[in-house]
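What follows draws every value from the coordinates through simple rules; no lab data is involved. Quantities reported herein were computed from a predicted structural model and do not represent experimental measurements. Reconstructed Cβ throughout: ideal geometry from the backbone, glycine too, with neighbour counts over all protein chains shown.
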Amino acid sequence: MKALAENPILAGLLSALMMASPLLAPVIFIPVQMMAPLPLLLIALRRGERAAALAALPLAVEMALLSTGWLLGGWILLFFGGFPVLVGWMNRLGWRTLHSAIAGFSLATLLMALLIPVLYASGIDPQEQAALMMETAKQKWIEEMRLQPGADAKLLATMDESLQPLIQMFALLYPSLLMGGWFLLQMANLSAARSILRLGYGPQAYPEEGLNAFRPPFLVVWCWIAAVGCSLFAQGGVRYWGSNLALFLAIPFFFQGLAVIMAWLDHRGVLPFWRVFLFILMVLVQQLILGVILLGLFDTWFDFRARFTRNAGDQTPGGR
């Protein structure tokens, strides 16, 4: 693993292989593909931004060869390689990985907030384009199913009809779902990269970063409230813009709520087994994720952690 963290070419080739692995067996290797940023982040944390940029080049070349050209390869390089370069640069300057996460999230928010109005101003309706793309994919899949021996036409018609509301919902929230998935994927790989480096180089080289006191800037609350207002009361492109920003800006409150839960678990001395069980339950019961987001949102005003932590003075003051 140390060789992987020190050699950008080796890390880049491994990342490219992981990205292409679903070509062998899509269902089996999709989890492997989701870990494609991990080698790039290992290099970024260990060697800095230049090595991370060099490691991302094989990934860009691979996607350019497998797809329609270099334009998509450039987007893949930015999408998967841009964040590791940012992490490597900020880490070299002495910033914590939490600051890198905040910077990446801020840049993604700014990109989405500016790109959607630009698309509408250019005469492109992103919601309509996303719906058309998903409708085309759905019809292609339905036609392939109809060609299968013993296909049930009535069942396929029911499935076709039941997928329509999902297409409308995903078309409305496509940018935020795309950017949110990207951010959470990068955060999971960044956390894994730090854990691997702690095992390889020791906790002194990569000390634990306590996230129990995480609290996003209070400005995020008002931006989220404004976005929710646009999604509820506006129409057309403004509603589309507000809906996507509202969903994406809810991510920091999820992590804030998670920090409250982890601080409470530490305070109560809950065993690791029950912590893992709680997080698995959170993944399986989607309503719990909404509860965690609301917990983080209300923690902004009520500062729940100060109510049960022994040393409340270490907590970041709540925004009021």
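Remarks
- Only aspartates and glutamates eight or more places from K2 in sequence, or on another chain, were considered; those with a Cα closer than 18 Å are E49.
- For the pair segment 21-56 / segment 123-195, the C-alpha centres are spaced 24 Å from each other.
- Cβ-placed point charges (K, R +1; D, E -1), dipole of segment 210-320 about Cα centre in debye, nearest 20: 100
- Its residue count N fixes a reference of 2.2 N^0.38 Å for the chain, and the Cα radius of gyration divided by that reference is 1.11.
- Within segment 37-139: Cβ-based charge dipole about Cα centre, in debye rounded to nearest 20 (Lys, Arg +1; Asp, Glu -1): 600
- Given charges at Cβ of Lys, Arg, Asp, Glu: segment 142-261 dipole, positive-most of G202, A188, L245: G202
- Percent breakdown of C-alpha pair distances by 5 Å bin, ordered from the shortest bin, for segment 73-138: 3, 15, 15, 16, 18, 13, 9, 7, 3, 1
- Distance between the 7 Å Cα→Cβ label points at A103 and A3: 3.2 nm.
- Taking 14 Å as the straight-line reach from the Cα of K154, the aspartates and glutamates in range (excluding those fewer than 8 positions away in the same chain) are E143.
- L232 paired with V270, simple spin-label distance in nm, labels 7 Å along Cα-to-beta-carbon: 3.0
- Taking E209, E135, E49 and counting other C-beta atoms within 10 Å, the order from fewest to most: E209, E135, E49
- Derived from the Cα gyration tensor, the three semi-axes of the equivalent ellipsoid of segment 210-320 are 29, 18, 8 Å, largest first.
- Take the Cα of E208, step 7 Å toward its Cβ, do the same at A151, and the gap between the two points is 5.6 nm.
- Charged side chains reduced to their Cβ positions (Lys and Arg at +1, Asp and Glu at -1) give the chain a dipole of some 980 debye around its Cα centre.
- Calculated FRET value between F277 and E144, using beta carbons and R₀ = 41 Å, to 0.05: 0.55
- Neighbour-limited loop hits for trypsin sites (Lys or Arg not before Pro), segment 1-109 (at most 13 other Cβ within 10 Å; DSSP other than H, G, I, E, B): R96
- Highest average first, the peptides 15-25, 263-273, 241-251 ordered by how many other beta carbon atoms sit within 10 Å of their residues are 241-251, 15-25, 263-273.
- The chain: relative contact order in percent, alpha carbon pairs under 8 Å with at least 6 residues between: 13
- Per-residue [θ]222 nm for the chain (sum of -39500 (n - 2.57) over DSSP H runs n ≥ 4, rounded to 500): -25500 deg cm²/dmol
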